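Could you have a look at this structure, given as structure tokens, before my questions?
Values in this text are rule-based calculations from the coordinates and carry no lab data. Since we're looking at a predicted model, the values are computed, not measured.
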Amino acid sequence: MAGERSGTAGTPRHIPPGQRRVSGWPVSHYGPVPRFRPERWNLRVHGTTASGAEHSWTFDELSGLPYATVTADLHCATGPTSTGHEWYGIPATAVVDLVPPAPEVTHVMAWAEYGYAANLRLADFTAPETLLATHHNGEHLTAEHGFPLRLVVPHLYGYKSPKWLRAIEYLTEDRRGFWEERGYHNIGDPWKEQRYAHQEHE
């Protein structure tokens, strides 16, 4: 479970250094909440695929993909941590199995509405707890929290888990995403407090 690093049953949960536990699930995002238009919506996988072709699923077709449940915490780079989220969605590993990347792929770019993007190492995207989530605590995601689909990468800071996910692009070299271009750390490991870009040179 992301957010628990040690201890046995009955011992307090641990959160990353510099974080503070908050109740509920605060809403945080850049820009307006997009309107969902199911007839226009799809999820694309493109870039350097093994076949050289891209693939896409409509919203209805997502229900035919493998699903899993992950319980994990969310860590915002500005300090708040909310704990015990139950996510239900498509494992990122299932996407990679269905649309394999070429052998030279090292990173992915997760694209969301309005051109928002977050870059990830391929190993972070294929981590066991990484999900393309459709549900939270047994209910469909709300619009404010990313309906119909959001990427959840709970072992990294929240800016690596974009709401309103629309595409996964396979990359053969790293390219910075939206917040990474604006001063946030390129990797974003909360257990190493990798919050800001200037720390990359320490």
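Compute the projected area of the convex hull of the Cα atoms of the chain, averaged over all viewing directions, and report it in nm² to one decimal place.
Average of the hull's projected areas for the chain equals 11.8 nm².
Over its Cα atoms, what ratio of radius of gyration to 2.2 N^0.38 Å does the range 42-103 give? Intermediate results must be reported in sequence, preceding the final value.
Values: Rg = 15.1 Å, N = 62, 2.2 N^0.38 = 10.6 Å.
Dividing the Cα Rg of the range 42-103 by 2.2 N^0.38 Å gives 1.43.
Could you give the length gained on full extension between Ala102 and His201, defined as 0.36 nm per residue of separation minus the Cα-Cα distance, in nm?
On the way: separation 99, 0.36 × 99 = 35.64 nm, distance 3.02 nm.
Stretched fully, the Ala102-His201 segment lengthens by 32.6 nm.
Next up: For the range 110-202, how big is Rg over Rh, using alpha carbon atoms and the Kirkwood form of Rh?
0.97
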